[in-house]
Amino acid sequence: MRNIDHVISGGTKGLTGSGRSHQIWNPSTGEVQAEVALGDAALLDHAVAIAKKVQPGWAATNPQRRARVMFAYKQLIEENMQELAELLASEHGKVVDDAKGDVQRGLEVIEYACGIPQVLKGEYTQGAGPGIDVYSMRQPIGIGAGITPFNFPAMIPMWMFGMAIAAGNAFILKPSERDPSVPVRLAELFLEAGAPEGLLQVVHGDKEIVDAILDHPDIAGVSFVGSSDIAQYIYSRGTANNKRVQAFGGAKNHGIVMPDADLDMVVNDLAGAAFGSAGERCMALPVVVPVGEDTADALREKLIPAINALRIGVSNDPDAHYGPVVTPEHKARIEGWIDTAEKEGAEVVIDGRGFSLQGHEKGFFVGPTLLDRVTTTMESYQEEIFGPVLQIVRAKDFEEALRLPSEHQYGNGVAIFTRNGHAAREFAHRVNVGMVGINVPIPVPVAYHSFGGWKRSGFGDIDQYGTEGLRFWTKTKKVTQRWPDGGGDGSNAFVIPTMG
């Protein structure tokens, strides 16, 4: 039985934390493999005190030297990619190749952060007025905190702390207690890359430590990814305490299939987007919307054999398309949603309930599930299932298909599959969703753009990573300067300055 501790400068000797711990499952076997210590407000106070000491020196380090640490960190992540992926897969359940993708998408933000000297540059206007110049500079907010979900234990932490630290902040990470080993390892590698001790710390916990983060007066900004109800709570409580907060919530991403779409390509894309990582992705594609009955029938006919051909296996099975879900509670929740959909009148075309993998009968496996004749009034359509379940909602025409994702409570991602450039352009322009894919099933923007959904998928005004991430983790100082030559008489000292 492994015991996973916090990562705090100087160690945790003498810090009792809450005295509580949380069990970590091996989802493939259904056995407990480790325990993680849970912290409390006093432990967080200690971590913040350390961060306050180290942050000013780091902020004063010139951006080029900060970038060198990020370059070294990038190299260490690449060298340890296999280890990180296997560790991630063992606690989350996703297959190793998918876990490598988790690490890689986080690494891409670290790569972007390597260019921090360029992106940190401010603006300068010479001669904005008589003898007056105006310039701006970006300065770190101080101490940032990240509260991250179980489904991407490498990618999302790196999205947050990569930008925050490169910009000159100290960072405290509160990862999911379900799979905390990779975040701990990421912090260890960051220290190995040459970062000052205490710059990146990891504290484990549940609601007690989350509330302590939201209430702590010395934490200036909080980034969160998780469910929408918790995101709204995080945003409300954090902003009430005068913090800068970005909080990203749930999703119900739709894939619109036009009559002219390449259905073979669509089926291949849907298999990965709906069932990859057992559907435990906020950018999964769990709802497909074929336009017209003929399109729906043809798509369904092609989907059935493709879904039946999916291979489910343990996380280290190189031939598996996806592995188990993260906990027994989550498995029960997913199967409960399938029950609900069936009671609501959805047709269960392929049923993944009760799936058992030979030799791993205690593992948390859910078979791929296909539901047809789903309607917008069904609770199973309105809420996020977060499992290997694909729902078919039939639309009579383009306008109805456009309206479905636009009117849904979530607005994270959406995709349209078509050969018609006009339809794609019209859809991208009009749909009320934050991230749009055109013949791309999972439209997660690259690291030098930004990530963020709308409506109940995102609370706050600034997105993750890219220039948006830089904006979130810095504050802009504006300077207006004049160097007097001794000729002024002060006669206009009481008139508001203008540039006229």
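Remarks
- Once the Cα atoms are used to define both axes, helix 96-113 deviates from the longest principal axis of the chain by about 20 degrees.
- Percent accessible area from carbon and sulfur atoms, region 344-454, protein chains only, probe 1.4 Å: 49
- Average Cα contact separation per residue, region 234-338, under 8 Å, 6 or more apart, as relative contact order %: 23
- Scaled against the 2.2 N^0.38 Å expected of a compact globular protein of N residues, the Cα radius of gyration of region 199-336 reads 1.41.
- The chain, relative contact order [Cα under 8 Å, separation at least 6], %: 18
- Per residue solvent-accessible surface (Å²) - the chain, probe of 1.4 Å: 42
- The chain, Rg to Rh (Cα coordinates; Rh as Kirkwood inverse mean 1/r): 1.03
- Alpha-carbon Rg/Rh ratio, for region 266-307, with Rh computed the Kirkwood way: 1.00
- Taking the longest Cα principal axis of the chain as reference, the axis of helix 328-344 is set at about 60 degrees.
- Packing-based ranking of 126-135, 418-427, 288-297 yields 288-297, 418-427, 126-135, ordered from highest to lowest mean Cβ neighbour count within 10 Å.
- Distant alpha-carbon pairs in region 319-440 (separation over 23 angstrom), percent: 42
- Accessible surface of region 8-123, 1.4 Å probe, proportion on carbon and sulfur as whole %: 49
- Peptides ranked, highest mean first, by Cβ atoms within 10 Å: ranges 323-332, 14-23: 323-332, 14-23
- Hydrodynamic radius by Kirkwood, which averages 1/r over all alpha carbon pairs of region 21-151, in angstrom: 18.7
- Equivalent ellipsoid, region 1-43 (semi-axes from 5 times Cα gyration tensor eigenvalues, Å): 24, 10, 7
- Largest first and in whole Å, the equivalent-ellipsoid semi-axes of region 32-71 read 30, 18, 4, each the square root of five times a Cα gyration tensor eigenvalue.
- R0 of 51 Å, Cβ-Cβ distance T480-E79: FRET efficiency to nearest 0.05: 0.60
- Cα centroid of region 72-138 to Cα centroid of region 395-462, whole Å: 25
- Alpha-carbon centroids, region 216-235 and region 311-350: separation in whole Å: 29
- Highest average first, the peptides 362-371, 305-314, 467-476 ordered by how many other beta carbon atoms sit within 10 Å of their residues are 362-371, 467-476, 305-314.
- Cα-based convex hull, region 277-390, per residue volume (Å³, whole number): 106
- Reduced Cα scattering model of region 107-241, Debye log10 I(q)/I(0), q = 0.08, 0.19 Å⁻¹: -0.26, -1.10
- Cα Rg over Rh - region 199-252, Kirkwood: 0.97
- Evaluating kT/(6 pi eta Rh) at 37 °C and 0.692 mPa s, with the Kirkwood radius of region 402-491 over Cα pairs in the Stokes-Einstein relation, gives 203 µm² s⁻¹.
- Average projected area [Cα convex hull, region 80-155], square nanometres: 7.3
The values are calculated or read from the model by the stated rules, or taken from the named source; none is laboratory data. A quick note: this is a predicted structure, and the numbers were derived from the prediction, not measured. Cβ atoms come from the backbone with ideal geometry, glycine included; neighbour counts cover every protein chain shown. The accessibility values were calculated without ligands, DNA or RNA, using every heavy atom of the protein model including side chains. Shrake-Rupley method; radii C 1.70, N 1.55, O 1.52, S 1.80 Å.
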